[in-house]
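Step one of this worksheet: look at the structure below.
The values are calculated or read from the model by the stated rules, or taken from the named source; none is laboratory data. Note that this is a predicted model, so its numbers are computed, not measured. Cβ coordinates were reconstructed from backbone atoms using ideal geometry, including for glycine residues, and neighbour counts include every protein chain displayed.
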Amino acid sequence: MNEPILELEGLSKVYPGGLKALDNVDLTIRKGEIFALLGPNGAGKTTLIGAVCGLVRPSEGTIRAFGHDMASDWRKARARIGLVPQELSTDMFEPVHRAVSYSRGLFGLAPDPARIEEILRSLSLWDKKDERIMALSGGMKRRVLIAKALAHEPDLLFLDEPTAGVDVELRKGMWAIVDQMRDRGVTIILTTHYIEEAELMADRVGIINRGKLLMVDEKEAMMSRLGRTEAHIALANPISELPQSLSQFPIEIEQGGTSLCYRGGDGTGRGKAEVAELTKALIAAGIDYTGIDVRESSLEEIFVSLLGEEEAA
Amino acid sequence: MIGWRSTWSIYKRELMRFLRTAFQSVLAPVLTTSLYFIVFGAAIGGRMPDLGGVDYGAFIIPGLLMLTLLGETTSNSSFGIYMPRFTGTIYELLSAPVGVAETLIGFVGAAMTKSLILAAIILVTARLFVDYSIAYPLLAMFYIMLVAAAFSLFGFILGIWADNFEKLGIIPMLFLTPLTFLGGTFYSIDMLPGPWDKIALANPIVYLVSGLRWTFYGSSDVNIWISFGITLAFLAACTAVIAYIFKTGWRLRA
């Protein structure tokens with residue numbers, strides 16, 4: 001699990017117009033993990049994928065995949081990398097089966113009809129194998145792209161916005177497909193701006209904005225480190241100031257003294273325990289309350305907060 | 001090291017693309033060649049003298065062959081690489097473990113194959129109208145392959161250079177076809193009045209038509225070695241440009 005299969009060092013990309021799409025990115029991807037790269041539109045996610053997959057020429061830095069330098073020994077590395085692009089770019093006139101078989105051959109593997117059948121069946125495409133891609137729905141076309149990327153049995157798979165613009169049902173189907181691939185031992189790097197997707201699937205999360213990798217961490221560690229608990233306590237009677245006995249809690253009066261707001265904890269549940277202590281302290285101080293609303297911050301809030309800090313900096 | 005499986009996949013797919021429109025691909029040159037023979041061969045050719053001892057109908061065969069060969073080879077090859085760029089499917093080629101050799105042998109080889117099939121169709125069609133024989137058939141075939149290779153490479157460059165359909169069509173339409181018409185397809189350069197006979201020699205297509213005509217009938221406007229030399233020089237120039245394109249990723253990689 002800890003063996004690195006992709007290492008980016010000082011990776012930068014400046015487009016001819018002067019746009020710095022990647023700014024000194026260092027990143028190591030471990031074998032077998034699902035890594036989610038989060039970032040708003042234009043953050044540099046697709047450029048990073050492009051740089052690894054050979055679609056973008058890096059301006060600076062090195063990329064090593066499976067121990068091979070992608071600048072000099074790219075053939076061996078590329079043969080083990082699959083890419084599902086964000087755009088539905090397929091040869092619309094080709095039948096599904098032929099398009100997927102082509103991809104296998106293009107990556108230098110001998111024809112293997114049984115393997116192609118297995119891939120098509122796993123993606124529920126077998127019934128559509130003789131249909132032209134142009135006749136398929138958007139969701140099916142995305143599956144064809146996944147099938148093409150899996151045709152050469154990659155060890156590392158890039159999914160660039162795999163669920164962008166697809167409905168909820170199909171999105172869940174995609175998550176199931178990613179689970180299947182994880183079970184097969186495929187390392188997956190996915191980009192998304194659906195935080196829920198990263199929260200659900202990823203082992204590690206990287207947050208990128210304006211080409212800079214702001215943070216990379218285990219999903220749980222990130223939530224633990226940056227997560228917060230927020231509680232709103234509706235008071236039975238308004239108060240104008242907090243008694244001294246409550247000064248140890250990170251609370252403040254809100255809504256004209258009719259409510260208290262607690263913001264604290266660390267994403268591990270410590271906040272909830274502290275809210276429970278707070279309620280006891282309120283009773284002890286003679287402050288009655290009528291309701292409590294407790295909420296743990298999500299990865300999305302962490303993400304938004306990080307981006308906000310970066311914008312401010 | 002060339003990845004032959006990758007090469008074969010590209011080659012096969014490009015040929016399949018040709019076969020998808022086989023009816024049009026085959027019928028169009030048959031019809032066009034037939035029309036040329038009816039108009040120039042039968043209607044006008046009957047009143048033309050022999051040229052260098054060759055019947056006029058037979059004389060125009062190498063020119064007609066070159067006319068179709070240059071146009072079809074260039075457009076097949078340019079479309080072959082332009083369409084993946086236009087539709088975005090080029091991502092797969094660029095991310096695959098294939099280099100310049102696999103790409104060129106695949107795309108250009110397929111374009112050459114299509115051209116040779118078309119050349120065979122034109123020759124068979126011509127036989128329906130004119131009685132002719134080829135003096136050096138192996139040399140003719142080799143020359144056709146050489147020209148097909150050069151213009152496949154040229155079309156490949158065109159397909160990478162073009163960033164819209166207009167640009168893709170403008171070079172064949174505005175330069176290639178007129179130069180071929182003026183390149184001795186339907187006449188011998190000797191028939192032109194001065195100084196046009198000299199000016200015509202600045203047209204590179206003259207050397208191609210003339211070279212092919214020599215392999216057919218053993219005589220032509222220009223020395224066969226000059227024709228071969230110019231064809232090889234064009235082939236080398238196109239190869240150098242493509243090597244530069246792949247080295248720099250110009251218009252291929254962002």
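Find the residue count for the range B:139-163, including only residues that are crowded, with 20+ Cβ neighbours inside 10 Å and not in a helix (DSSP H, G or I).
The qualifying residues number 1.
From A:PHE66, A:PHE93, which residue is touching a residue at least 12 places away in the same chain (Cβ under 8 Å), facing chain B (nearest Cβ under 10 Å) and not aliphatic (A, V, I, L, M)?
Answer to the check: A:PHE93.
With the structure loaded, tell me whether A:PHE158 is farther than 27 Å from B:LEU19 by Cβ and within 12 Å of chain B (Cβ to nearest Cβ) or whether it fails that test.
Yes, satisfied.
When only residues in the range B:204-254 that are surrounded by fewer than 14 Cβ atoms within 10 Å (Cβ to Cβ) and among the aromatic types (Phe, Trp, Tyr) count, which is farthest from the chain's Cα centre (by Cα)?
The selected residue is B:TRP250.
Evaluate the range A:258-278: report whether one residue or more is touching a helix residue (DSSP H, G or I) at 6+ places or on another chain (Cβ under 8 Å), modelled with pLDDT under 90, assigned to a helix (DSSP H, G or I) and aliphatic (A, V, I, L, M).
no
Return the residues of the range B:80-100 that are more than 9 Å from every other protein chain (Cβ to nearest Cβ), at pLDDT 90 or above and either in contact with a Ser or Thr (Cβ under 9 Å, 6 or more places away or on another chain) or under 19 Å from B:MET1 (Cβ atoms) (or both); say none if nothing qualifies.
B:ILE81
Exactly one of (1) of a type outside the set (S, T, N, Q); (2) part of a helix (DSSP H, G or I); (3) touching a Leu at 6+ places or on another chain (Cβ under 6 Å) is unmet by A:ILE233. Its number?
Among (1) of a type outside the set (S, T, N, Q); (2) part of a helix (DSSP H, G or I); (3) touching a Leu at 6+ places or on another chain (Cβ under 6 Å), A:ILE233 violates only (2).
Might you let me know whether the range A:178-186 holds any residue that is within 17 Å of the chain's Cα centre (by Cα), of a type in the set (A, V, I, L, M) and modelled with pLDDT of 90 or more?
Yes, the range A:178-186 has at least one match.
Do you know which residues across the range A:36-60 are in a strand (DSSP E or B) and surrounded by 23 or more Cβ atoms within 10 Å (Cβ to Cβ)?
A:ALA36, A:LEU37, A:LEU38, listed by residue number.
Okay, residues lined up against (1) closer than 30 Å to B:PHE129 by Cα; (2) surrounded by fewer than 23 Cβ atoms within 10 Å (Cβ to Cβ); (3) at pLDDT below 85; (4) away from chain A (no Cβ under 13 Å):
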position: B:MET16; (1), (2), (3), (4): no, yes, no, no
position: B:ALA22; (1), (2), (3), (4): yes, yes, yes, yes
position: B:ILE38; (1), (2), (3), (4): yes, yes, yes, yes
position: B:LEU51; (1), (2), (3), (4): yes, yes, yes, yes
position: B:ILE60; (1), (2), (3), (4): yes, no, no, yes
position: B:LEU64; (1), (2), (3), (4): yes, no, no, yes
position: B:LEU70; (1), (2), (3), (4): yes, no, no, yes
position: B:THR74; (1), (2), (3), (4): yes, no, no, yes
position: B:SER78; (1), (2), (3), (4): no, no, no, yes
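Just the residues that are facing chain B (nearest Cβ under 7 Å) and either under 17 Å from B:MET1 (Cβ atoms) or out of contact with any strand residue (DSSP E or B) (no Cβ under 9 Å at 6 or more places or on another chain) (or both), please, taken from the range A:75-84.
Answer for the range A:75-84, where residues must be facing chain B (nearest Cβ under 7 Å) and either under 17 Å from B:MET1 (Cβ atoms) or out of contact with any strand residue (DSSP E or B) (no Cβ under 9 Å at 6 or more places or on another chain) (or both): A:ARG75, A:ARG78, A:ALA79.
Return the only residue of A:LEU145, A:LEU123, A:LEU109, A:LEU150 being hydrophobic (A, V, I, L, M, F, W, C) and either touching an Asp or Glu at 6+ places or on another chain (Cβ under 6 Å) or farther than 23 Å from B:GLU102 by Cα (or both).
When all the criteria are applied, what remains is A:LEU123.
Would you confirm, using the coordinates I've provided, whether B:PHE175 is assigned to a helix (DSSP H, G or I), among the aromatic types (Phe, Trp, Tyr), more than 20 Å from the chain's Cα centre (by Cα) and at pLDDT below 90?
Answer is no for this residue.
Yes/no matrix, rows are residues, columns are (1) crowded, with 20+ Cβ neighbours inside 10 Å; (2) of a type in the set (A, V, I, L, M):
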position: A:ALA234; (1), (2): no, yes
position: A:PHE249; (1), (2): no, no
position: A:LEU260; (1), (2): yes, yes
position: A:ASP266; (1), (2): no, no
position: A:GLY271; (1), (2): yes, no
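Among the numbered criteria (1) within 12 Å of chain B (Cβ to nearest Cβ); (2) within 25 Å of A:MET201 (Cβ to Cβ); (3) surrounded by fewer than 20 Cβ atoms within 10 Å (Cβ to Cβ); (4) touching a residue at least 40 places away in the same chain (Cβ under 8 Å), which one does A:GLU87 miss?
It is condition (4) that A:GLU87 fails.
Which of the numbered conditions does A:ALA21 fail, given that it passes all the others? Conditions: (1) within 12 Å of another protein chain (Cβ to nearest Cβ); (2) farther than 30 Å from A:GLU131 by Cα; (3) among the hydrophobic types (A, V, I, L, M, F, W, C); (4) in a loop (DSSP other than H, G, I, E, B).
Looking at each condition in turn, A:ALA21 falls short on (4).
Tell me which residues, restricted to the range A:66-89, are more than 22 Å from A:VAL14 (Cα to Cα) and either among the small types (Gly, Ala, Ser) or assigned to a loop (DSSP other than H, G, I, E, B) (or both).
Result: A:PHE66, A:GLY67, A:ASP73, A:ALA77, A:ALA79, A:ARG80, A:GLY82, A:GLU87, A:LEU88, A:SER89.
Can you tell me which residues in the range B:79-98 are within 25 Å of B:PRO172 (Cα to Cα), among the aliphatic types (A, V, I, L, M) and more than 23 Å from the chain's Cα centre (by Cα)?
B:ILE90
Yes/no matrix, rows are residues, columns are (1) free of Cβ contacts under 8 Å to residues at least 24 places away in the same chain; (2) in contact with a helix residue (DSSP H, G or I) (Cβ under 6 Å, 6 or more places away or on another chain):
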{"site": "B:MET1", "(1), (2)": "yes, no"}
{"site": "B:ARG5", "(1), (2)": "yes, yes"}
{"site": "B:TYR36", "(1), (2)": "no, yes"}
{"site": "B:GLY52", "(1), (2)": "no, no"}
{"site": "B:PRO62", "(1), (2)": "no, yes"}
{"site": "B:LEU70", "(1), (2)": "no, yes"}
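Within the range B:114-138, count every residue that is part of a helix (DSSP H, G or I), modelled with pLDDT of 90 or more and not aliphatic (A, V, I, L, M).
1
Please give the strands (runs of 3 or more DSSP E) falling wholly within the range A:125-225 in which 2 or more residues are hydroxyl-bearing (Ser, Thr, Tyr) and buried (at least 23 other Cβ atoms within 10 Å of the Cβ).
By residue number, A:187-192.
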